[in-house]
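Worksheet: the structure to be examined is printed underneath.
The values are calculated or read from the model by the stated rules, or taken from the named source; none is laboratory data. If you're wondering where the values come from, they're calculated on a predicted model, not measured in any experiment. Cβ placement follows ideal geometry from the backbone for every residue including glycine, while neighbour counts extend to all protein chains displayed.
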Amino acid sequence: MTKATRIRRRKPRSLTAIRQQILDAAQPIVTAIIKGAKSGNYLQAKFLFDFAGLSGATAEAPPPSLAETLLGLLQAPGENTAKNSASGADAGGAAR
């Protein structure tokens, strides 16, 4: 019997059992990743910092979204979307 045949004949496990197996393995995995990062492994260190939210991102404002960029391109010079939407001035009265 080959390994592929044995794999196909296994009973399917429930998702609950699989989740439990992952949870049981989590601590040793995290410990190994931390150990690797401490020994200089860049990818393991990057993963840890990204996962912990310490990815080195600055406190600057995020870049504008695509929607904000497109709205900015569509606006006439001097027009302010926030001001217009609050006052209702863009409700059809302005000619472009």
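Side notes on the structure shown:
- With respect to the conditions (1) at pLDDT 85 or above; (2) of a type outside the set (Phe, Trp, Tyr); (3) loosely packed, with under 10 Cβ neighbours inside 10 Å, Asp50 lacks only one, and its number is (3).
- Number of the condition not met by Leu43 [criteria: (1) in contact with a Gly (Cβ under 9 Å, 6 or more places away or on another chain); (2) at pLDDT below 90]: (2)
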